[in-house]
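Following this message is one structure expressed as structure tokens.
Just so you know, all these numbers are worked out from the coordinates, no wet-lab data involved. Note that the structure is predicted; figures quoted are calculated from it, not measured. Because the Cβ atoms are built from the backbone with ideal geometry, glycine has one as well, and the counts that use them run over all protein chains shown.
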Number of protein chains: 2
Amino acid sequence: MSTSLTQSAIWQELGHHQAEVKAIPLRDLVMNDPRRLEDFQLSLEGLRFNFALNRIVPKTIDLLTQLAAQQKLEFARERMFCGEVINISEGRAALHTALRQKKDRPIKVDGRDIIPDILIARLRLTRFVDEVRNGYWKGASGEAIRHIVNIGIGGSDLGPRLATRALSPFISKLNVHFVANADAFELTNILANIDPAHTLFVVVSKTFTTQETLLNAHMARQWLVNKLGPQAVAQHFVAVSANQAEVEKFGIDVANVFPIWDWVGGRYSLWSAVGLSLALAIGMENFEKMLDGAEAMDEHFCTAPLAKNMPVVMGLLGVWYRNFWATKAQVILPYAERLRDLPRYLQQLEMESNGKTTTQTNQRVDYATAPIIFGECGTVGQHSFHQLLHQGSDVIPADFIGICEDNLNKPQHHQAMLANMVAQAGALAFGRDNATDLHNACAGNRPSNLILLDRLDPFCFGMLLALYEHKVFVEGVVWNINSFDQPGVELGKELARGLEAKEAANTSEKVFLTRLFKTVQTPNIN
Amino acid sequence: MSTSLTQSAIWQELGHHQAEVKAIPLRDLVMNDPRRLEDFQLSLEGLRFNFALNRIVPKTIDLLTQLAAQQKLEFARERMFCGEVINISEGRAALHTALRQKKDRPIKVDGRDIIPDILIARLRLTRFVDEVRNGYWKGASGEAIRHIVNIGIGGSDLGPRLATRALSPFISKLNVHFVANADAFELTNILANIDPAHTLFVVVSKTFTTQETLLNAHMARQWLVNKLGPQAVAQHFVAVSANQAEVEKFGIDVANVFPIWDWVGGRYSLWSAVGLSLALAIGMENFEKMLDGAEAMDEHFCTAPLAKNMPVVMGLLGVWYRNFWATKAQVILPYAERLRDLPRYLQQLEMESNGKTTTQTNQRVDYATAPIIFGECGTVGQHSFHQLLHQGSDVIPADFIGICEDNLNKPQHHQAMLANMVAQAGALAFGRDNATDLHNACAGNRPSNLILLDRLDPFCFGMLLALYEHKVFVEGVVWNINSFDQPGVELGKELARGLEAKEAANTSEKVFLTRLFKTVQTPNIN
């Protein structure tokens, strides 16, 4: 049974159009159009999106925006920004954009304007961040805080972790550490290098029942209590959560619980109090600049015509390759060590948001949805998997991310980074013919985007993340899926709970898993 | 034009067999065979490879080993271990296995036994490692060394970096830091936290001309000279290289150059002096145990019958999915924070080794070769991209890697790790039917391997890496490609050199890239 999407005239036309474009090598597209570099570039303040090295002609963008129009992208966008219940499976809005909205426009959830809630929460955040950073907040032994340990997983970890590294030149006064995994190794290592008197734990969990986060929070609590006694907990733990009751049970003062709302998904929550550890690291002024950058991208996304709209074009190019060129993956190549965690962050953002095969109307899709996202910092990846990008079996579209500014004043290093980035994009696009020596030939015709930040500061970083958020949204709208839930992860959680609780197995599969669980707990050699 | 591989009877038969197996849900395979868990498991000392959750029946292994036999796997294996020139494009042997060979068997390269060279080099390594670790080696100001900074990229970084983290409980006396990227951020950060008097730089580059490594080595040299003067270089820099002339020019004493040979590829070189920083961290005794573990796997690979041979079965399962199920990727899921860098290491190992589409006889392949390798530590990935593994468009075979031993004595954490790992494998394999609510249904039938280490110690770790090395070799032999060169990376290097040297552009592509290079160097907003 085919969906209305694949039956639509524009979808069919894009299929025919792909065959036309496929016949033209990327080299010829470049050769035949001296203005291609400029015409296929969109700019917004300190961020440029260059898509000249894609397998497209102007008509492609035209057809793709027609597809977006057919899928009612503008209507969907409007609904998201206004707080409509677009996450239908969970009956929720998706209002990460409200978290950075500076203009005076009420946004209602269940009839109630949430903007005042956001502002009050940010005010509380600001007061707390200033207090800790200025040393007014004291630990149980009267000392100022020097170490922050963020305990959270998934969206409560990946965003703050990425941002803290990306914005590390803006960090002052405090050291921030991140713990996510159920593996105690991560927390053990951190605790070995800090002392409780100067440490503040930030426990981030919407439900305050996340297994990994609670395991680590309790381990941290025990460590603190062993050294400073049970009274110390309130001065060394704060929480970001929607479950005040559970947080209180843990021993955290309700005055030190920062809110997170059910209209923000974990992977979109950096802009809320989930970004607390980041805010503690870089200060609220920088945190606000990051929000401003994201808001600038929101504004662009809401107002620019589809064909001149960065997240729209980027998302539609994602659809173009995934659905009309049958690509399976997208590689993320930030040429910046500070963006080392970006591929991991985008893995969650895109694969969790759009890794689904059921439409909003409970129909099985008959087209591919989210690709695999993977990546590595340039130039490191060049000495690793780029071999496959150039000569492997499959075409993998690439996003290159470059930083113009040499903030370290190391011109040789900086020039090497940028030259290599451009050269890789060129080698992928143009390849090298070698009819007699196939072994050294590169096929070329492998597309890439280039995202250029003037500098890697809070504002540009905010723009970059919002760009990807909206790109993922655009894809989700075209694919008619709910980008804001994650139903596929429940089954694994259930099975794990059953195994840990030693539940009786009632199916042959569970019998098998119970035996397997016993096996993995027993060494081979005793 | 089709290759003899795809024309072969066994290849065709595997195609028919796939259709038969596809008709049987994984659930039924498990239900119908109470001994499946044990029958599809291979063990070697402290390592087990369980492949019960694959879409296979016993006949599958039988057919796949016939394919291996047809591709002369045993002959190829023999040729590799004996030092034949199997890397034909570069005219070299591939003798990483000789580096860990403990038995008394000469291996000749160009008529000369290399085993004495290896032993002498290891003896020199041992003496040096002991000297530094025991504080006999003094810096220019008479102080013992406390910090090691490894400067290398690709194979000179990924292996030592992975191993140093994986074996961190075995580290004593010295702190080891790794610098790879041309981005000066990485080295700048490290230098900010160490002092030159206690620091030894280990510069690792076979040619000693690798751009990134030389940039960083010169930056480190300048930092040292600024503080301790030019005479200090010899006491604070050692090298692992095959190019003594260049190393001497840099100012490193020839007595402190450790050899690397052209019969070891970068991505297979951890076992040589390229592992120096690791050896400094964990001591030679532990380093030798790692070699012993790898040798145990070599021995198994050389002697076990194909159907009972771990790397063979693992490699053939890779071929099974890639070529007969058209999978595009393989996800690596180590349930151990200490193996966080394993996916990155395997990206290089597999994608650089087998990301090629030209056969050994200079013919274009008509079958898929290396898949995309990506991954993340469990349980972290569960809160990120596992949504797509369970409900996404494409089937992605998974390797789960678990550790039996709870070396931190944190039973709750440890049990959570193992239960989640088993549960994820189960959820992928068995899925969940839900005819009325497609949205919550999981398709299941998604295969996985389970690799279990009794403990994550040097020996088991050595086994694990050797297992993957040989798995990649097996795939390369079946695909009839050279797994030991990397011709696809040259074009990018050439283009980058041209851009940096401001070479005149002689083609329209180069004109385009030159303009693009200018663009990326100029901010959008001035």
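From the gyration tensor of the Cα coordinates in segment A:407-471, what semi-axes in whole Å does the equivalent ellipsoid have, largest first, with each one equal to sqrt(5λ)?
Details: eigenvalues 203, 66, 6 Å².
The equivalent ellipsoid of segment A:407-471 has semi-axes of 32, 18, 6 Å.
Shape verdict for the protein assembly as shown, please, from the Cα gyration tensor: rounded (a/c under 1.5), prolate (a/b greater than b/c) or oblate. Please list the in-between numbers first.
Working: a/c = 1.21, a/b = 1.12, b/c = 1.07.
Here the protein assembly as shown falls in the rounded category.
Right, here's the next one. Just to be sure I understand: of the beta bridges DSSP finds with both ends in segment B:96-287, what percent are antiparallel, rounded to 5? Spell out each step's value before the answer.
Working: 3 of 19 bridges.
About 15 percent, rounded to the nearest 5.
Would you work out the Kirkwood radius for segment A:96-287? I mean one over the mean of 1/r across all pairs of different Cα atoms, in Å.
Values: mean 1/r = 0.0601 Å⁻¹.
Mean inverse Cα-Cα distance, inverted, gives 16.6 Å.
Here is a further query. Could I get the Rg over Rh figure for segment B:273-365? Both from C-alpha atoms, Rh via Kirkwood, rounded to two places.
Values: Rg = 16.7 Å, Rh = 16.3 Å.
For segment B:273-365, the value is 1.03.
What's the exposure ranking of B:Val257, B:Val422, B:Val149, B:Val511, going from fewest to most Cβ atoms within 10 Å? Provide the component values of the computation, followed by the final result.
Numbers: B:Val257 21, B:Val422 29, B:Val149 24, B:Val511 16.
Ascending number of Cβ neighbours within 10 Å: B:Val511, B:Val257, B:Val149, B:Val422.
Convex hull over the alpha-carbon atoms of chain A: what's its volume per residue in Å³?
Numbers: hull volume 104.2 nm³, N = 526.
In chain A, the Cα convex hull volume per residue is 198 Å³.
On the Cα set of segment A:307-459, report Rg and Dmax in Å, please.
Spelled out, the Cα radius of gyration and Dmax of segment A:307-459 are 17.0, 55 Å.
Using helices alone, I'd like the mean residue ellipticity at 222 nm for chain A: each DSSP H run of four-plus residues gives -39500 (n - 2.57), total over residue count, nearest 500.
Details: 20 runs with 232 residues, N = 526.
Using -39500 (n - 2.57) per qualifying helix, the result is -13500 deg cm²/dmol.
May I ask you to evaluate 6.51 cos²θ - 1.76 cosθ + 1.60, the Karplus curve with θ = phi - 60°, for each residue of segment B:17-32 and list the ³J(HN,Hα) values in order in whole Hz, giving x for glycine and proline?
Going residue by residue, I get 4, 4, 4, 5, 5, 4, 6, 9, x, 4, 3, 5, 4, 6, 5, 7 Hz, with x marking Gly and Pro.
Going by how many other beta carbons lie within 10 Å of each one, how would you line up B:Lys493, B:Lys206, B:Lys518, fewest first? Numbers along the way, then the final one.
Numbers: B:Lys493 15, B:Lys206 23, B:Lys518 12.
So the residues, fewest neighbours to most, are B:Lys518, B:Lys493, B:Lys206.
Please identify the trypsin sites (Lys or Arg not before Pro) of segment A:10-54 that satisfy two criteria: DSSP loop assignment and at most 11 other Cβ atoms within 10 Å. Which are they? Walk me through the numbers before you get to the answer.
Values: sites: A:Lys22, A:Arg27, A:Arg35, A:Arg36, A:Arg48; in loops: A:Arg35.
Passing sites in segment A:10-54 are A:Arg35.
How long are the three semi-axes of the equivalent ellipsoid for segment B:1-93, computed from the Cα gyration tensor as the root of 5 times each eigenvalue, in whole Å, largest first? Display every interim value, and only then the final one.
Numbers: eigenvalues 195, 91, 17 Å².
Working from the Cα gyration tensor, I get semi-axes of 31, 21, 9 Å.
Among residues other than A:Ala144 whose Cβ falls under 11 Å from its Cβ, what is the net charge (Lys/Arg +1, Asp/Glu -1)?
On the way: positive: A:Arg133, A:Lys138, A:Arg146, A:Lys173; negative: A:Glu131, A:Glu143.
Taking every Cβ under 11 Å from that of A:Ala144, the sum is +2.
Local charge sum around A:Asp130 (other residues, Cβ-Cβ under 13 Å, Lys/Arg +1, Asp/Glu -1)? Intermediate results must be reported in sequence, preceding the final value.
Working: positive: A:Arg122, A:Arg124, A:Arg127, A:Arg133, A:Lys173; negative: A:Glu131, A:Glu285, A:Glu288.
Surrounding charge for A:Asp130 is +2.
Output the 0 to 90 degree angle, nearest 10, between the alpha-carbon long axis of helix B:276-303 and the longest principal axis computed from the alpha carbons of chain B.
30 degrees
Between helix B:508-521 and chain B, what is the angle of the helix's C-alpha long axis to the longest principal axis, kept within 0 to 90° and rounded to the nearest 10?
70 degrees
Please report, in whole Å³, the volume per residue of the convex hull around the C-alpha atoms of segment A:82-157.
Working: hull volume 10.5 nm³, N = 76.
About 138 Å³ per residue, rounded to a whole number.
Based only on the alpha carbon positions, what is the Kirkwood hydrodynamic radius of segment B:436-506, in angstrom?
Numbers: mean 1/r = 0.0565 Å⁻¹.
Its Kirkwood hydrodynamic radius stands at 17.7 Å.
Measure nothing fancy, just the Cα-based angle from helix B:490-500's long axis to the longest principal axis of chain B, in degrees from 0 to 90, nearest 10.
40 degrees
Continuing with the same structure: Cut-off is 10 Å between beta-carbons; in what order do B:His439, A:His413, B:His218 appear when sorted fewest neighbours first? The partial results should precede the final answer.
Numbers: B:His439 20, A:His413 23, B:His218 14.
If I rank by nearby Cβ atoms, fewest first, I get B:His218, B:His439, A:His413.
I've got another one for you. Share of antiparallel DSSP beta bridges in chain B, in percent to the nearest 5?
Details: 14 of 44 bridges.
Expressed as a percentage, antiparallel bridges in chain B total about 30.
Can you give the relative contact order of segment B:96-287 as a percent, counting alpha carbon pairs under 8 Å and 6+ residues apart?
Values: 317 pairs, mean separation 56.2, N = 192.
The normalised contact order for segment B:96-287 reaches 29 percent.
Just checking the output field for B:276-288: average partner chain Cβ neighbours within 10 Å of each residue's Cβ?
Per-residue shielding by partner chains comes out at 0.
I would also like to ask the following. Can you run phi through the Karplus equation (6.51, -1.76, 1.60; θ = phi - 60°) for segment B:116-133 and list ³J(HN,Hα) in whole Hz, with x for Gly and Pro?
These are the phi-based 3J(HN,Hα) values: x, 4, 5, 5, 5, 4, 5, 4, 5, 4, 4, 4, 5, 4, 5, 4, 5, 5 Hz.
Count charges around A:Val176 for me, please; just the other residues with Cβ under 15 Å from its Cβ, Lys/Arg as +1, Asp/Glu as -1. Spell out each step's value before the answer.
Working: positive: A:Arg133, A:Arg146, A:Arg161, A:Arg165, A:Lys173, A:Arg338; negative: A:Asp157, A:Glu186, A:Asp341.
The answer is +3.
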